[in-house]
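The values are calculated or read from the model by the stated rules, or taken from the named source; none is laboratory data. Keep in mind it's a predicted model, so treat the numbers as computed, not measured. Cβ: placed from backbone, ideal geometry, glycine included. Neighbour counts: every protein chain shown. For accessibility, only protein heavy atoms count, side chains too; no ligands or nucleic acids. Shrake-Rupley method; radii C 1.70, N 1.55, O 1.52, S 1.80 Å.
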Amino acid sequence: MENTKKLPAKTESLDEFLGFVLSSASNLGFTPERSKEIELVAEEVLVNVFDYAYPERDGDVELRCRAERPGALVLEIEDKGIPFDIRSLGDPDLSADIEDRQVGGLGVFFIRSLSDDIQYRREDGRNILTLVMEGRG
Amino acid sequence: MEIEKKGVDKDAVLLSVKGRIDERTARQFDKQMAELINNGGSCFIVNLSEVDYINSAGLRSILISSKKLQLKAGRIFLANLQESVKQVFQISGFDSIIPIFDSMEDALAVL
């Protein structure tokens, strides 16, 4: 099962991308809870691409889903935007109280917390982010 | 995503939110909350029993409302979180800065 979807890097594409991710997770027999976590990770990654990849022009983002081995869903998110390695962003200060708590940084934190492996490479002018999402029982 | 005002109890404004608070609905959430906060009241108790999904954009929105209310010496309390939503609050540490209750009654009891 390898499936791919390529759409404009805009918020309007979210519905279709997330529906695709959810059905991929469900096809692999993931629980509704884990599928929701995978949806959340996919949304956070995609929104980062929408917000940062193409500052000067429009562009597309391609999402590929495949089963790697029983119980693991691999998501590959590819864009032709400016170089961006999401792993380089630091974690938010989780201990800060309401006055000091910053609004940024959470998306990446969720991606890290809920994914089982994160790989990034830059190849031929493309950012390729690979996430391994295990079923987690 | 809908926010409905359900009433006032012990000077707390009771709200109920339905749907997802995510990338697509966060701005609408911010706008509606800002109006409700401007209309009066400094203590808000929000029923999230019908919210089945929240992401970082949603948490951001709740934090923004929380900061706004703090400026009025007010607070926001959340109640009836679904498990997946509660997990998002726990992972992010938001459960230690925004009071979360198992029911609206429990939230009212601390006022």
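Observations on the model:
- Only one entry of A:R101, A:R69, A:R136 meets the criterion of being of a type in the set (D, E, K, R) and more than 14 Å from chain B (Cβ to nearest Cβ), and that entry is A:R69.
- Test: residue in region B:75-90 that is away from chain A (no Cβ under 14 Å), touching a strand residue (DSSP E or B) at 6+ places or on another chain (Cβ under 6 Å) and at pLDDT 95 or above: yes
- Single unsatisfied condition, B:D106 versus (1) within 13 Å of chain A (Cβ to nearest Cβ); (2) of a type outside the set (G, A, S); (3) assigned to a helix (DSSP H, G or I): (1)
- The set of residues in region B:54-69 that are open to solvent by 10 Å² or more (accessible area, probe 1.4 Å) and either in contact with a Cys (Cβ under 6 Å, 6 or more places away or on another chain) or facing chain A (nearest Cβ under 9 Å) (or both) comprises B:R60, B:I64, B:K67.
- Of all residues making up region A:31-51, the number that are farther than 17 Å from B:E23 by Cα and either touching an Asp or Glu at 6+ places or on another chain (Cβ under 8 Å) or open to solvent by 20 Å² or more (accessible area, probe 1.4 Å) (or both): 3
- Extreme residue, most open to solvent (accessible area, probe 1.4 Å), among residues of region A:99-137 that are β-branched (V, I, T) and closer than 16 Å to B:A57 by Cα: A:V103
- With respect to the conditions (1) open to solvent by 20 Å² or more (accessible area, probe 1.4 Å); (2) over 25 Å from B:S96 (Cα atoms); (3) hydrophobic (A, V, I, L, M, F, W, C), A:L94 falls short on a single one, namely (2).
- Test set (1) in contact with a Leu (Cβ under 7 Å, 6 or more places away or on another chain); (2) surrounded by fewer than 16 Cβ atoms within 10 Å (Cβ to Cβ) - A:A25 fails condition number: (2)
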